[in-house]
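This report refers to the structure that appears directly beneath it.
The values are calculated or read from the model by the stated rules, or taken from the named source; none is laboratory data. Keep in mind that this is a model prediction, so the values were computed, not measured. Counting neighbours? That spans all protein chains shown, and the Cβs are built from the backbone with ideal geometry, glycine included. Quick note on the areas: whole protein, heavy atoms, side chains included, nothing else; ligands and nucleic acids left out. Shrake-Rupley method; radii C 1.70, N 1.55, O 1.52, S 1.80 Å.
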Amino acid sequence: MANYTLKYVTALESEHLMLDELTAILKKHQVKERLAQAVMLAVSEAFTNAAVHGHKLDSTKEIIVELIINDTEIHADILDNGSDGLDKIARRLPAKSMAEHGRGVDLIKHYADEVEFCSNVSGGLTVSMRFLIDAKSIEKTI
Amino acid sequence: MEISMREVDNVAVLNLAGRLDLASGATMKQEIKKLFEQDTTSIHLNLSKVDFINSSGLGALVSVMKEIRLQKGRLTLSDLASYVQEIFDITQLSHIFEIFGTEEEALASFQTMSTNEVK
């Protein structure tokens, strides 16, 4: 089992840094392409939500990504220290067809095998996601 | 994300490469805004080298689509990787955008529409 704690300044540019590091970690563990794409997308969505909605792009705040990778699953937690995050999740409505926002949570729920939204000790939101590793998959590795 | 641009038969063709997300989506919108300022409203996006797109990238594309429609123009997409196409399907945006298998098919459609307008 491997644990990773990644911390990022809240900024638009940080998403690229996070995805680069996440790609490297998934490659190191030989995670298969299909699963890696799912992890990257779901984590990216939670990260963007933390940056934009949780922290309002406040660069004094930090986003934390915690990963646990073992033989059977990948667990990813994305933590912010914004406010009212859980309430916003509960009140969200599905995005309308021509909406420019509002699809992130639905994509997380589609690609993660399990997802949970909860308040963390900082008062912000933690998005906890679990991705099952299918040992029978024959897809190529990234 | 890298963006390269060329013109083919009065259609602005943009090749996007890399990730289409919040930051790069904003860059893409700025580049397309320049086209609008030059009265270019026939735009094709070749996404063959886009290896990642999230909801922010989709939002940027929707924003561009809405602006083009306001200007009575047309936007097409082509060469989506299967993973990218899947995201369009999941979010039902494949019903909103004109998506072609290849750039050639997309550009041919602009010519067909142009011919029909002349008639």
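Tabulated data
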{"quantity": "Scan of region A:77-101 for residues that are free of Cβ contacts under 8 Å to residues at least 12 places away in the same chain and surrounded by 21 or more Cβ atoms within 10 Å (Cβ to Cβ), ordered by number", "calculated": "A:95"}
{"quantity": "Residue in region A:102-111 that is open to solvent by 60 Å² or more (accessible area, probe 1.4 Å) and outside any helix (DSSP H, G or I) present", "calculated": "no"}
{"quantity": "Test: residue A:58 is part of a helix (DSSP H, G or I), more than 16 Å from residue A:111 (Cα to Cα), out of contact with any Leu (no Cβ under 9 Å at 6 or more places or on another chain) and not small (Gly, Ala, Ser)", "calculated": "no"}
{"quantity": "Test: residue in region A:132-140 that is polar (S, T, N, Q) and open to solvent by 40 Å² or more (accessible area, probe 1.4 Å)", "calculated": "no"}
{"quantity": "Breaking point among (1) within 24 Å of residue A:124 (Cα to Cα); (2) surrounded by 19 or more Cβ atoms within 10 Å (Cβ to Cβ), for residue A:58", "calculated": "(2)"}
{"quantity": "In region A:79-111, the residues that are within 26 Å of residue A:6 (Cβ to Cβ), more than 14 Å from every other protein chain (Cβ to nearest Cβ) and out of contact with any His (no Cβ under 8 Å at 6 or more places or on another chain)", "calculated": "A:79, A:83, A:84, A:86, A:89"}
{"quantity": "Members of region A:11-31 that are touching a residue at least 60 places away in the same chain (Cβ under 8 Å) and either within 13 Å of chain B (Cβ to nearest Cβ) or under 22 Å from residue A:117 (Cβ atoms) (or both)", "calculated": "A:23, A:26"}
{"quantity": "Matching residues in region A:17-40 - criterion: being within 15 Å of residue B:24 (Cβ to Cβ) and either open to solvent by less than 10 Å² (accessible area, probe 1.4 Å) or under 13 Å from the mean Cα position of the chain (by Cα) (or both)", "calculated": "A:18, A:19, A:40"}
{"quantity": "Elements of type strands (runs of 3 or more DSSP E) contained in region B:1-105, each with 2 or more residues being open to solvent by less than 30 Å² (accessible area, probe 1.4 Å)", "calculated": "B:11-20, B:42-53, B:74-78"}
{"quantity": "Selection status of residue A:52, touching a Lys or Arg at 6+ places or on another chain (Cβ under 8 Å) and either crowded, with 16+ Cβ neighbours inside 10 Å or not in a helix (DSSP H, G or I) (or both)", "calculated": "no"}
{"quantity": "Per-region count, region B:52-80, residues under 22 Å from residue A:16 (Cβ atoms), in contact with a strand residue (DSSP E or B) (Cβ under 7 Å, 6 or more places away or on another chain) and more than 8 Å from every other protein chain (Cβ to nearest Cβ)", "calculated": "4"}
